[in-house]
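Engineer: Pasting in a structure now, in C-alpha cells, and then I'll have a few things to ask.
The values are calculated or read from the model by the stated rules, or taken from the named source; none is laboratory data. Remember, predicted model here, so these are calculated numbers, not experimental data. Here the Cβ positions follow ideal geometry from the backbone for every residue, glycine too, while neighbour counts run over all protein chains shown. For the accessible areas, the whole protein counts, side chains as well, though only heavy atoms, and no ligand, DNA or RNA atoms are used. Shrake-Rupley method; radii C 1.70, N 1.55, O 1.52, S 1.80 Å.
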Amino acid sequence: MRIDELLEEPVDWRYKGRPAAREPLTLSTLAERRSNVLAGDLLLPAMVLKESALDHNIARIADYCREHGVSLAPHGKTTMAPQLFERQLDAGAWGMTAATVAHVGVYRHFGVQRILLMNELVEPAALTWIADELASDPDFDFYCLVDSVAGVEAMTEALRGAGLERPLQVLVEVGIPGGRAGCRTLDEAKEVAAAAVASPALALAGVEGFEGIIAERDAGTTLAAVDGFLMRIRALTIELAGTGDFAGREEIVVTAGGSAFFDRVVACLTPAWDLELPVRVVLRGGCYLTHDSGLYERIGPLGARAGGDPLRPALEIWGAVLSRPEPELAIVGLGKRDVPFDIELPIPALASRGGELRDVRETLTVTALNDQHAYVRLAPGAELAVGDLVGCGISHPCLAFDKWPLIPLVDDDYTVVGGIRTFF
C-alpha cells in the first residue's frame, strides 16, 4: 500500500491533540520526540491509540477467523485510516469493506485491491468511476449490492457503453422488515438474482446481509432473530446455487457479520453447505480493531462476556481538569467535538497527576457534554484537582475516528510512538 507518502506529512497547526512543539514534525518523526501524554507534552484534549491493544486485537481476530474457517473484510468506515488498513491486510484480511464510493476512492488511492462496497450502487457518475477503475486495473476485485430489479436495470443502463471487459460483481442483499436496504422476502431476492444473472453488465457473486441492526426486547429474543435472519441468507444461497445462478464462478461469496454478532454468523453460515461450488463466508466487522469500553465491551462476542482472550479497548480520550466549581463537580476539557456520544457518554477510567496514574472507574462519571467540556460528577470523597488529567474510554468507535484527522499512537507508558491519519 502507498503509506510512505503519509509518513512525510507535516504535523502542524492543522491538527488538534498534537505534540506542543515548535520544531517541524512529520508522522515519521513523531516517535523521535518521545512526547508523553501524562507529562503534558500534547495539546489537550487528545484521542490516543494504544499500540499494544491494537496489535492484540488485530492478531486476536485473525486467529479467530483462521480457527473458524472464515474470511475477513474489515469495515474501513470505522477508522478510514489507511495505515490501519495495511495492518489488517498484512494480518491476513481477505479484503476491505466500504460503505460509499468516496470510501472506495480513499481505499484505491492507497492501493487496496479487493473492496466490498456494502451498499447499493445506482448513481451513474459513481458507476462510471467504478467502471474506469475496473478497466484500468485488471487485478481490482470489487463487489457491491443489489436489492431490486429497478436497481439492476439502473446499473445495467449506466454501465452500457462503459467498455467493461468483465462484468460488475454483485451480491443480492437480504434485509429485514422495517430495516434499511435489502430484499424483504426470499421470492423477491430470487427475482433480483435472476435479473442480475440476465444483465450483460453484472455477475451474481453471492448473497449478503447485515444482522447488526436487529434489536428485540431482550438478548435471547435478539439472538433468535439474528439466527433466523442468517438462516434466510443460507436458504437463499442454497436455492440460487440449485438453480445455477452462480454458474461459471469459482466460489460463492456469502457475507454478514458486524461487530456484535459475528459469532452467530460463524455458527449459522459455516456448517457444511453441500453445494457444487465452495462458499466463502466473509465477516465484515470493523470495531474489533479498537474495541471500546462500552457497547462492544458489553455485547461483543469477544468482550467482557468472552472467556479466554477478550479484545482490549485501544482508544482513550484525555483532557485536563479545567475547573472544580462545585464540591462534586469537575469540568474537563473534552466535549462533543472530541468524543462519540451516540450510544453513551465517555467513561472515565484513569486520572494522572505528575505522571502518576490512578484508577477512577468507581469514582468519576461523565454526566453531560458541551461542545468542548465534559461535566464530571465525583463520588463523595473522590479527589480531583484543577490541572489533573483524566483519561476516558469511549463507546462505539465509529463516531470517534471521524473527529480526529490525526491520532497519536502511544505505548503502555503513554509515550507517542507514531501517528495515525484518518480520511473522512
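Engineer: Calculate what fraction, in whole %, of the accessible area of segment 17-120 sits on carbon and sulfur atoms when a 1.4 Å probe is rolled over the protein chains. Intermediate results must be reported in sequence, preceding the final value.
Structural biologist: On the way: 1840 of 3760 Å².
Answer for segment 17-120 is 49 percent, counting heavy atoms of protein chains only.
Engineer: Counting other Cβ atoms within 10 Å, which chymotrypsin sites (Phe, Trp or Tyr not before Pro) in segment 213-305 have at most 11 and lie in a DSSP loop? Could you put the intermediate results ahead of the total?
Structural biologist: Numbers: sites: 229, 246, 261, 262, 273, 288, 296; in loops: 246, 261, 273.
For chymotrypsin sites (Phe, Trp or Tyr not before Pro) across segment 213-305 that sit outside H, G, I, E and B with at most 11 neighbouring Cβ atoms in 10 Å, the list is empty.
Engineer: Further question: Search the structure for amide H atoms under 5 Å from the amide H of residue 111, placed 1.01 Å from N in the peptide plane, and list their residues when 5 or more places away or on another chain.
Structural biologist: Counting only residues 5 or more places away or on other chains, the set is 2.
Engineer: Can you give the calculated 222 nm mean residue ellipticity of the chain, where each DSSP H run of n ≥ 4 adds -39,500 (n - 2.57) and the sum is split over every residue, rounded to the nearest 500 deg cm²/dmol?
Structural biologist: Numbers: 11 runs with 118 residues, N = 424.
Mean residue ellipticity at 222 nm (helix-derived): -8500 deg cm²/dmol.
Engineer: Rounded if a/c is under 1.5, else prolate if a/b is larger than b/c, else oblate: which is segment 80-213, with a ≥ b ≥ c the root eigenvalues of its Cα gyration tensor? Write down the numbers at each step before the final one.
Structural biologist: Values: a/c = 2.04, a/b = 1.24, b/c = 1.65.
The shape class here is oblate.
Engineer: Compute, for the chain, the length of the dipole vector about the Cα centre, with Cβ point charges of +1 (Lys, Arg) and -1 (Asp, Glu) only. Units Debye, rounded to 20.
Structural biologist: 740
Engineer: Can you pull out the GluC sites (Glu not before Pro) in segment 142-194 that DSSP calls coil and that have at most 13 other Cβ atoms within 10 Å?
Structural biologist: Values: sites: 153, 157, 165, 173, 188, 191; in loops: 165.
Hits after loop and neighbour filter: 165.
Engineer: Still on this structure, please answer the following. For the chain, what is the relative contact order in percent, using Cα pairs closer than 8 Å and at least 6 residues apart in sequence? Don't jump to the answer; show the numbers that get you there.
Structural biologist: On the way: 913 pairs, mean separation 84.8, N = 424.
Reported as a whole number, the value is 20 percent.
Engineer: Okay, moving on. Let me spell out the model: positive unit charges on the Cβ of Lys and Arg, negative unit charges on the Cβ of Asp and Glu, origin at the Cα centre of segment 259-376. What dipole size does that give, in debye rounded to 20?
Structural biologist: The calculated dipole for segment 259-376 is roughly 100 debye.
Engineer: How large, in Å, is the chain by the Kirkwood hydrodynamic radius built from its alpha-carbon pairs? Walk me through the intermediate numbers first.
Structural biologist: On the way: mean 1/r = 0.0434 Å⁻¹.
Mean inverse Cα-Cα distance, inverted, gives 23.0 Å.
Engineer: Hey, what do the phi angles of segment 310-318 turn into as Karplus ³J(HN,Hα) couplings, whole Hz, using 6.51/-1.76/1.60 and θ = phi - 60°, x for Gly and Pro?
Structural biologist: So the J values, rounded to whole Hz, are x, 5, 10, x, 10, 9, 9, 10, 10.
Engineer: Taking the Cα centre of segment 91-204 as the origin and placing charges on Cβ (Lys, Arg +1; Asp, Glu -1), which of 204, 145, 106 is farthest toward the positive end of the dipole?
Structural biologist: 106
Engineer: Now for a different question. Relative contact order of segment 9-167, please, whole-number percent, based on alpha carbon pairs below 8 angstrom and at least 6 residues apart. Could the numbers behind the result be given before it?
Structural biologist: Working: 170 pairs, mean separation 22.4, N = 159.
Value for segment 9-167: 14 percent.
Engineer: Under the Karplus relation 6.51 cos²θ - 1.76 cosθ + 1.60, θ = phi - 60°, what is the ordered set of whole-Hz ³J(HN,Hα) values for segment 129-139, x standing for Gly and Pro?
Structural biologist: After applying 6.51 cos²θ - 1.76 cosθ + 1.60, I find 5, 4, 4, 5, 4, 5, 5, 7, 9, x, 8 Hz.
Engineer: While we're looking at this one, here's another question. Which GluC sites (Glu not before Pro) in segment 294-398 sit in a loop by DSSP (not H, G, I, E or B) and have at most 13 other Cβ atoms within 10 Å of their own Cβ? Write down the numbers at each step before the final one.
Structural biologist: Values: sites: 297, 316, 328, 344, 356, 362, 383; in loops: 328, 344, 362, 383.
Of the GluC sites (Glu not before Pro), the ones in loops of segment 294-398 whose Cβ has at most 13 other Cβ atoms within 10 Å are 328, 362, 383.
Engineer: Then there is this: In whole Hz, with x marking every Gly and Pro, tabulate ³J(HN,Hα) for segment 236-244 from phi via Karplus 6.51 cos²θ - 1.76 cosθ + 1.60, θ = phi - 60°.
Structural biologist: So the Karplus estimates, Gly and Pro as x, are 5, 4, 5, 5, 5, 5, x, 9, x Hz.
Engineer: If you consider only alpha-carbon coordinates, what radius of gyration and Dmax does segment 189-272 have, in Å?
Structural biologist: So, for segment 189-272, Rg and Dmax equal 14.3, 46 Å respectively.
Engineer: Once amide H atoms are placed 1.01 Å from N in the peptide plane, what residues at a sequence separation of 5 or more from residue 329, or on another chain, have their amide H within under 5 Å of its amide H?
Structural biologist: Long-range HN contacts for residue 329: 378.
Engineer: Using only the Cα atoms of segment 1-149, what semi-axes does the equivalent ellipsoid have when each is the square root of 5 times a gyration tensor eigenvalue? Give whole Å, largest first. Before the final figure, lay out the partial values.
Structural biologist: Values: eigenvalues 223, 82, 37 Å².
Working through the eigenvalues yields semi-axes of 33, 20, 14 Å.
Engineer: For the chain, what is the accessible area per residue in Å², given a 1.4 Å probe and the full set of protein chains? Intermediate values should be presented prior to the final figure.
Structural biologist: Values: 17580 Å² over 424 residues.
Value returned for the chain: 41 Å² of accessible area per residue.
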